[in-house]
Each structure stands twice: as structure tokens, then as C-alpha cells.
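Chemist: Below are the C-alpha cells for one structure; questions will follow.
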Amino acid sequence: MTRRVIVTVLDGLRRDLLGPEATPALHSFAEAATNFAAHRSVFPSATRVVSACFATGCFPARHGLQGNSVALMEDGQLVPHDVGRPDFMDHKRRVTGHSLAVPTLAERLARAGREAMVFSNVSPGAARAHDPDGHGWVFHRACSFAPGLRPLTGAEAVADITLDTAGDARLTTRFLDDAVAGRRAALAVLWLGEPDHMQHESPLGSPACLAAIAGSDAAFARVREAVAARRAAGEEILLIACSDHGHQTVTEVVDIEAVLIAAGLKRDATDNSLLSVANGTGALVYLHPDRAAEAPAVLGLLRIQPWADRVLAGAELADIGHAATGGLLCAIAMRSDATPNTHGVPGSSAAALPAQGKPDRLGCGQHGGLGRFEQMPFLMIEGDGFPAGAVVTEPSIITDLAPTILRHLGLAFDGLDGRPLHRLPPENPAR
């Protein structure tokens, strides 16, 4: 019997927004799957770094991609980068000697003679993070690759996909035709751009956001129907529905760079020896090794700011899966609380002003930090080892997905930070 894993990711959908009216397909699926009620994202709780954690089963300290935006040490200087660019992983490989420092699922499957296919409608950098070295197939509107990083063009590519519900629907069709019923990849991942895209553009709980959630739910319903057909044909499929992070409402945007300049710790905006790199409701602060003696002053300033919930440095970085490497001084989780927005959706946060990438909109959604609601992705798994209707209250995290996938496929999962979720005892297993 052929064993496969099919994953649908509804980007940015937090689990408290699921329900029979908002997400009827997922609500129905919960009765057939095991539901992980304490599932968490990583830090930053943002798609590009989450994609790397999903693909490797490791935290940033191991795989080496520290955030959605990062700084790299290049020719003795810290240089900020937006990871979302399609060419970032190639640049990182040239600078550091590797794109990711540990194998991805695509690489592990290729070594076993199996195939991974990823269809992504988020940023091109997030799509590349699944398989930056070309061991499998990656389909994205800005960059599609076959094994060996052979660029796909014309009808092979998905250049006509738009970042909206309609684009997600078209990408779902390609996914079902090519990865599920076509090549029948051992691992097939569909990463939808909604509702994340609309939640950045509109207030959480608004009609536009609810419509985006409904569209993503409808896409998953199509995937589930296709999986049922493949199971009827004799395939043993592990079906995973999940999200990568949640959202909180932006109530303040903070220019951390300006704070550092005003305190005299950073000369001006061109001084890259001290860099605050925004990651939504989180931030990464880099300090050049030549200025290591100034670390206490920088940390002291940051820790007294009212917009900073937590400032983690040194050994504390291990608590969130990071390490003080590559000039990383500390990570900042921005202020967060449960205050509801105008639509009654709880969770508000300060955001760090980005120097590049997507702007933050007051009153709209954002993520990246450690706030309760942005750290509230959902996870449901149906298949061998996952009782129907069970609820697991033991914490799980994004890095647990890779070993879960590998175990189902009968492949080794040693050396990962995560562990297979088959081992978690359900609270109320079906009898």
C-alpha cells in the first residue's frame, strides 16, 4: 500500500476563529481527525522562518534562518535582508556556505527515492525555504523549480496565480491535478496565501477577513475530497490541516532604530554595526562583534521600553529556539495583550516598524512575536495513528510536523528538534 502525506496550510488562521459557520469544512474534519489544542508556532511567528522549521523539523538555532527578515555577516559587515525575495536563499548560500544548515524534508525524501512537491501562494522566499537546494518541486507565482533547481516556465509554472482567494483556488486545482492525482508525490504541501494576506489588509473579524477564511476553508474541502478518492484507490494517506501562526491587531508601530539613535547607541540610519530588524510583532537585534562591550547598554535600554514584553539575549535565546550566532544580540517580543478590536476579536500588539517588506497597518492584523493569539495556530491530523475526534492537550509545535511526516512515510527522523506526534496521548480517543 502506497503511503503518502498531504498537507494543507491556511496561512495565518488562528484556531479560535474556527467554527461550524466560519469554517464548516474544517469543523467537519475535526470530527474525523486528531485535534491538537495547544499547538504553537515558533519565534518569530512568521511564515518564512516557520516554513524552514516545517521543512527541517528544527528551530532557527539549527537550520540557520533566524527570521522573516535577518542580518547576515558579509565581508565583516552586518547587512540586513528581506528573506521574502526569490533570490535570498541563493545569496545566503553564497555568503554562509549553505541555504539551510540541516536537511529539508525534500532532501530526505529524495535520498530515499521519494518525491516532495510544494505549492505555495505566500512570499517567494517562504516557498524557497521548503526546498532551497532543489531536491524536489516548488511551485510559486514568482519562481517555480523542478529537481536540480531547473526553472519551470510556461504551462509548467504557476505564474498566473494571484495572491488572493481566487489565486488560492487556482493553485489548489494545480495542486490536486499535479501532486495528488498526477505525480502522486510522497509529500504534497499546499500552502494557501489566505487568510493571512487579507488579515494584513483589513481588521480581524471584518467581512473581508471572514470571506478570506471561508475561501481557504473551501479549498481545504476540495483537498479532503480528493484525498478520499485516493484512499479509495488503496493509498494510505496522512492528511494534515494546519496554520503557521495567528494574528493580533496592531495598535502601535514602534521605530526601534530611532530609539537606538536617540539614545546615542546607533550613530545614524546608515550605522549597520547595530541593527534592529523588524519581524512584525517581533524583532531581532544584531550587534557587530567589534562592539560587544556595548551589549549591556543596548540590552538595558531595550528592557525598559514599554513596547517590549520580552527581551531575550545570551542563553535565554535557547528558550525560543535561537542562538547568539551571526551577530544576533537579542530577540524582542513586542507588547501584547488580550484587548479586542472593533469586531470583538481579542488580541492586540505593538509592531516594529520595518525598514523593508510589508508595512504595518494600524487596526489590521500582524504577527511575529510571542503573544497568545499569534501563537495560536491550529493543527488537525487524520490517518494511521491519529484517532478520530481525539483532542490532544499536550503542547505541540511546528517542528513536530517533519518527524510526524517522516514516521508515516517509514523514514528516519533522527537528529530533529521535533518529535512524532503519534506518541502524544489523546485526551478523549475514539473507542
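Chemist: Could you give me the residue pairs with C-beta distances under 7 Å whose first residue belongs to the stretch 304-330 and is over 26 Å from VAL250 (Cα atoms), whose second residue is assigned to a loop (DSSP other than H, G, I, E, B) and open to solvent by 60 Å² or more (accessible area, probe 1.4 Å) wherever it lies, and which are 6+ apart or on separate chains?
Modeler: Partner pairs satisfying both residue conditions: GLY314/ALA324.
Chemist: May I pose another question? Can you pull out the helices (runs of 4 or more DSSP H) entirely within the stretch 1-92 that have at least 3 residues that are open to solvent by 40 Å² or more (accessible area, probe 1.4 Å)?
Modeler: The helices (runs of 4 or more DSSP H) meeting that bar are 24-30.
Chemist: Listed residues LEU362, LEU302, LEU265, LEU260; which is assigned to a loop (DSSP other than H, G, I, E, B), modelled with pLDDT of 95 or more, farther than 27 Å from ALA101 by Cβ and touching a strand residue (DSSP E or B) at 6+ places or on another chain (Cβ under 7 Å)?
Modeler: On inspection, the qualifying residue turns out to be LEU265.
Chemist: Note down all Cβ pairs under 9 Å where the first residue falls in the stretch 392-406 and is in contact (Cβ under 8 Å) with a residue 24 or more places away in the chain and among the small types (Gly, Ala, Ser), the second is part of a strand (DSSP E or B) and surrounded by 22 or more Cβ atoms within 10 Å (Cβ to Cβ), and they're at least six residues apart or on different chains.
Modeler: SER396/PHE36; SER396/HIS39; SER396/LEU379
Chemist: In the stretch 143-197, which residues are assigned to a loop (DSSP other than H, G, I, E, B), buried (at least 21 other Cβ atoms within 10 Å of the Cβ) and either free of Cβ contacts under 8 Å to residues at least 24 places away in the same chain or aliphatic (A, V, I, L, M) (or both)?
Modeler: Scanning the stretch 143-197 gives SER144, VAL158, ILE161, ALA185, ALA186.
Chemist: Does ALA126 count as touching a strand residue (DSSP E or B) at 6+ places or on another chain (Cβ under 6 Å) and either touching a residue at least 60 places away in the same chain (Cβ under 8 Å) or not in a helix (DSSP H, G or I) (or both)?
Modeler: no
Chemist: Looking at (1) under 24 Å from PHE43 (Cβ atoms); (2) in contact with a His (Cβ under 8 Å, 6 or more places away or on another chain), which one does ILE256 not meet, given that it meets all the others?
Modeler: ILE256 satisfies all of (1) under 24 Å from PHE43 (Cβ atoms); (2) in contact with a His (Cβ under 8 Å, 6 or more places away or on another chain) except (2).
The values are calculated or read from the model by the stated rules, or taken from the named source; none is laboratory data. Computed from a prediction, not measured in an experiment: that's the story for all the values here. Here Cβ is always computed from backbone atoms with ideal geometry, including for glycine, and neighbour counts include all displayed protein chains. All accessible areas refer to the heavy atoms of the entire protein, side chains included, with ligands and DNA or RNA removed. Shrake-Rupley method; radii C 1.70, N 1.55, O 1.52, S 1.80 Å.
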